[in-house]
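The values are calculated or read from the model by the stated rules, or taken from the named source; none is laboratory data. The structure presented is a predicted model; accordingly, all values stated were derived computationally and were not measured. Cβ placement follows ideal geometry from the backbone for every residue including glycine, while neighbour counts extend to all protein chains displayed.
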Ligand code: AMP
Ligand code: MG
């Protein structure tokens, strides 16, 4: 890969673990450990993104080459690189979990291309010093989910890691999907994902928890220098500004999640990127029927900490942990508290604006808050598909009657017979207010609809779609992986030949494992 320009800043500038044995251990006074991927038995390329390849300096033609297969399956280490695993900690489900680290992720290298820096990271390429008692591997099902979803999110305009390649390892991996004593062998797979860096909130928490303040200062300054070069001023001011930037980008990311109906499922602080990008696609899911209490993660089914409607609050809680980690450098709680407090206020006002834009309303007025809360309530009266509901609002014209307008979104209801009596009355009343409100908007129908079609996606990676592509892939048929990959590159386009994916979740998927219920087993 002749244009791959290796430029390792992380390993060159930050403290390394002097122990190079690949044994599980606590790693102190270091931010990473050198470790090589485990050689896969029989790697096979399933899919690769030409766009992401080009983004990092790999040409389209090189994708089918032997060096590409070898490098991104972990079979061979790229020339002049030394792969490494990051040491980080985190709060999991609200509890301090201590050292976690890249237990099954291995950073191959950083590369520079077109003045941008990227870290190329394999997920599922074998054990590292952070694997604890686990195997360092990933199964095909979770790798397809990560590979497809990250790219789908990118094209939806949601900040995210990117996916370069998806490979079969040729190894068998033992997993107990439901944690109920029924382990079975599954196909192993490896995803290469790409991000500016894989630094997480938990990276800072780890250092502070060990009271390694010199490393903390060095690491924060490293992060600012390379990723927030616009930050200037006194050191303490810089650290506060850094926190402000992370809070801002995190807020924007969550806003996008709420816009498209994405539920991350495991918002632990070790899964929060300091770049405000979506990272670590595990038991995530997409809202089908609009339900703020929904979480796809069976591990969280009791408390529902990471439910759709709680994501902004959890983001704030996670930022609070990051603030604690930065505090020893700042020694003044006030500026950090101010940022944390304004987080939810800013989120709420941005949320209102975002929600109105989904309705095609681009200037806010006093009574809009009521319009929003009434709609959020109505959407929960009877199972209502979020994606179809919002997308089909683009059929409504200002001059429509209430009956006409309502008819245009009727496909969104899962149980049509429930749309009667007070449910119907509530909807009639809402549409009547909505139509009146639409009349006050200055944009013409055409202009408004064009804008709405860039906000309300037509196609998302519905949970059952991911599962269909996994079931086929398990049988060696990767055509649905490719089909969804292409479909989701244009999530806002009509794509009439793909209309069958603009459909409610079929009944068989309602409570099927992998569709509505996902565990952390991956
Ligand atoms: P997650 O919730 O998937 O982000 O993972 C939490 C922690 O567990 C991270 O430190 C992961 O690296 C680690 N982990 C998850 N799965 C495995 C695995 N199969 N082998 C080793 N470590 C793992
Ligand atoms: Mg993780």
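Tabulated data
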{"read-out": "Which listed residue is in the same structural domain as residue 406 (by TED's automatic domain parsing) and buried (at least 19 other Cβ atoms within 10 Å of the Cβ), from 373, 367, 387", "value": "387"}
{"read-out": "Filtered residue count, segment 63-86, keeping only those that are in contact with a helix residue (DSSP H, G or I) (Cβ under 7 Å, 6 or more places away or on another chain) and either surrounded by fewer than 18 Cβ atoms within 10 Å (Cβ to Cβ) or not assigned by TED's automatic domain parsing to the domain that holds residue 143 (or both)", "value": "2"}
{"read-out": "Where residue 242 falls short, out of the listed (1) closer than 30 Å to residue 512 by Cβ; (2) surrounded by 21 or more Cβ atoms within 10 Å (Cβ to Cβ)", "value": "(1)"}
{"read-out": "Residue 90 being part of a strand (DSSP E or B), within 16 Å of ligand 2 (Cβ to nearest atom) and surrounded by fewer than 21 Cβ atoms within 10 Å (Cβ to Cβ)", "value": "no"}
{"read-out": "Pairs with Cβ under 9 Å, 6+ apart, first in segment 497-522 and at positive phi and part of a loop (DSSP other than H, G, I, E, B), second surrounded by 19 or more Cβ atoms within 10 Å (Cβ to Cβ) and modelled with pLDDT under 90", "value": "514/177"}
{"read-out": "Criterion: within 15 Å of ligand 2 (Cβ to nearest atom) and under 23 Å from residue 260 (Cα atoms) - qualifying residue of 163, 143, 131", "value": "143"}
{"read-out": "Within segment 100-121, tally of residues that are crowded, with 21+ Cβ neighbours inside 10 Å and either within 13 Å of ligand 2 (Cβ to nearest atom) or closer than 30 Å to residue 304 by Cα (or both)", "value": "6"}
{"read-out": "Qualifying residue in segment 341-356 (condition: surrounded by 19 or more Cβ atoms within 10 Å (Cβ to Cβ), modelled with pLDDT of 95 or more and farther than 20 Å from residue 287 by Cβ)", "value": "yes"}
{"read-out": "Conditions (1) under 26 Å from residue 518 (Cβ atoms); (2) buried (at least 17 other Cβ atoms within 10 Å of the Cβ); number of the one not met by residue 323", "value": "(1)"}
{"read-out": "Leading residue by the ranking (farthest from ligand 2 (Cβ to nearest atom)) among those in segment 257-276 that are closer than 30 Å to residue 453 by Cβ and assigned to a helix (DSSP H, G or I)", "value": "259"}
{"read-out": "Residue in segment 459-474 that is outside any helix (DSSP H, G or I) and free of Cβ contacts under 8 Å to residues at least 24 places away in the same chain present", "value": "no"}
{"read-out": "Residue under evaluation residue 232, criteria (1) away from ligand 2 (no atom under 16 Å from the Cβ); (2) assigned to a helix (DSSP H, G or I), criterion not met", "value": "(2)"}
{"read-out": "Candidates 128, 119 - the one that is touching a strand residue (DSSP E or B) at 6+ places or on another chain (Cβ under 8 Å), over 22 Å from residue 469 (Cα atoms), modelled with pLDDT of 95 or more and not in a loop (DSSP other than H, G, I, E, B)", "value": "119"}
{"read-out": "Residue among 107, 36, 115, 95 that is within 16 Å of ligand 1 (Cβ to nearest atom) and either without any contact (Cβ under 8 Å) to a residue 12 or more places away in the chain or assigned by TED's automatic domain parsing to the domain that holds residue 325 (or both)", "value": "95"}
{"read-out": "Matching residues, segment 134-177, being surrounded by fewer than 23 Cβ atoms within 10 Å (Cβ to Cβ), farther than 18 Å from residue 466 by Cα and touching a residue at least 60 places away in the same chain (Cβ under 8 Å)", "value": "157, 158, 159, 170, 171, 175, 176"}
